[in-house]
Ligand code: HEM
């Protein structure tokens, strides 16, 4: 009997692994050109058999499947030592569904809008520190800014001492190297070198978090507080689910931090990079920012995430033999929804290499073609929040500055940092204050006369 898997490259698994993890932006389109819309890869230890899909009908089938048949948590176990066993990213079925029920209200519906003023004031404080007429590495500034947002909005940490203690430690935790992650297979490594430093840092973060959880539980104003931690402490008392234990709270908080901070920073860095290179689009975004119109700002963010997907794919592991996309795949196969390939499909996105936010203003973008936040029961919990956050931050920047690419900086290629796709050179841009525009004579390259 032949192999049940769709065809794919025959190179050694180690070579495929490196190409998939590190050079996917060029590797995956090349494989798709050679083997078509569905192909197999060998990417140990992530997946001995990885089947990559990107057609809208296949994406729909995978995202709509029964979560008992397709496990996402199982595929993320490598993050266990950092995020903890209870993390919503690592669990499946009943435990996962309960975690989502408890977490979602803090992120859903009216909640993102409720955080908007707080995000705007944090962004204003950051932008206030920028010097006029300087060059910025947008990625660094956006990382600092989104970390501050997460600490205030998610942890609700307002006490300056705790914030000063937490910020550098969280920064070190997010900067985890792949070597440290892979080394967790050998727990005894925790006593030496980078693994020991990582463990010490993590223990210090845990101590700070548990103290904060204790303090918050007893806070007199708990029911009036709007941060995610305070909402989580009350969730469960208002539903049929058992409330989260302290250990569960710790795991979910660390997960939200790691999943929600670098991703939004990368999306914003790509957006600022593209806006600096497209003065006409920047001008429209400026007008939208000026008029408090989020629709165009969100379209700009969405198009940046389309052209530069922050996360390249989602993964689900088959718990039983089943048919997906017409292929009879055995239990244990990992099915991969390639966000990167889906966003480049000419049938979904005509002129796919062009940066054109207008696509997102009408009904041009069909379902199951734009997938930066994944889908189905595992769709990103922070999707609405990050769009609100991105728009609020763009508004503060664009109403104060015009952006131009810094000297000699052409279009940037991506590189994989942790698991996110960031601009290789950090998206360096020059900023010029808008208030230097005087009537009739302007330093603003975007000014229309
Ligand atoms: C531009 C920003 C972001 C991008 C591109 C992004 C992308 C993603 C993707 C692709 C997934 C996997 C979905 C799947 O498997 O179908 C995911 C899951 C998740 N994201 Fe985000 N994310 C972003 C921001 C955030 C924020 C701000 C938070 C929270 C503060 C967050 C929290 C989560 C959580 C908790 C999950 C796990 C959901 C589950 O497994 O049920 N993300 N995100």
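The values are calculated or read from the model by the stated rules, or taken from the named source; none is laboratory data. Computed from a predicted model, the values in this text were never measured in an experiment. A quick note on method: Cβ atoms are made from the backbone with ideal geometry, for glycine too, and the neighbour counts reach across all protein chains shown.
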The strands (runs of 3 or more DSSP E) lying entirely within the range 32-141 that contain at least 2 residues which are more than 11 Å from the ligand (Cβ to nearest atom) and closer than 26 Å to residue 271 by Cα are 135-137
| message | Just to be sure before I move on: is residue 12 surrounded by fewer than 19 Cβ atoms within 10 Å (Cβ to Cβ) and free of Cβ contacts under 8 Å to residues at least 24 places away in the same chain in the structure I sent? | response | yes
Only unsatisfied item for residue 92, checking (1) over 14 Å from residue 248 (Cβ atoms); (2) surrounded by fewer than 15 Cβ atoms within 10 Å (Cβ to Cβ), is (2)
(request) Considering every residue within the range 408-416, establish whether at least one is under 21 Å from residue 259 (Cβ atoms), within 16 Å of the ligand (Cβ to nearest atom) and out of contact with any strand residue (DSSP E or B) (no Cβ under 9 Å at 6 or more places or on another chain). (result) no
Does residue 145 count as within 23 Å of residue 420 (Cα to Cα), under 22 Å from the mean Cα position of the chain (by Cα), in contact (Cβ under 8 Å) with a residue 40 or more places away in the chain and surrounded by 13 or more Cβ atoms within 10 Å (Cβ to Cβ)? yes
If we keep only residues of the range 353-382 that are under 21 Å from the mean Cα position of the chain (by Cα) and assigned to a helix (DSSP H, G or I), then the residue nearest to the ligand (Cβ to nearest atom) is 378
Those residues of the range 148-161 which are surrounded by 11 or more Cβ atoms within 10 Å (Cβ to Cβ) and not in a loop (DSSP other than H, G, I, E, B) amount to 148, 149, 150, 151, 152, 153, 154, 155
For residue 39, state whether it is within 17 Å of residue 337 (Cβ to Cβ) and either in contact (Cβ under 8 Å) with a residue 40 or more places away in the chain or in contact with a strand residue (DSSP E or B) (Cβ under 8 Å, 6 or more places away or on another chain) (or both).
-> yes
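So is residue 274 within 14 Å of the ligand (Cβ to nearest atom), modelled with pLDDT of 90 or more and within 30 Å of residue 312 (Cβ to Cβ) or not? Spell out how you get there, then give the answer.
On the way: within 14 Å of the ligand (Cβ to nearest atom): no; modelled with pLDDT of 90 or more: yes; within 30 Å of residue 312 (Cβ to Cβ): yes.
So residue 274 does not fit the description; no.
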Per the filter on the range 318-358, residues touching a strand residue (DSSP E or B) at 6+ places or on another chain (Cβ under 8 Å) and on the phi > 0 side of the Ramachandran plot are 325, 332
- Task: Test residue 200 against the criterion of being at pLDDT 85 or above and under 30 Å from residue 431 (Cβ atoms), and give yes or no.
- Result: no
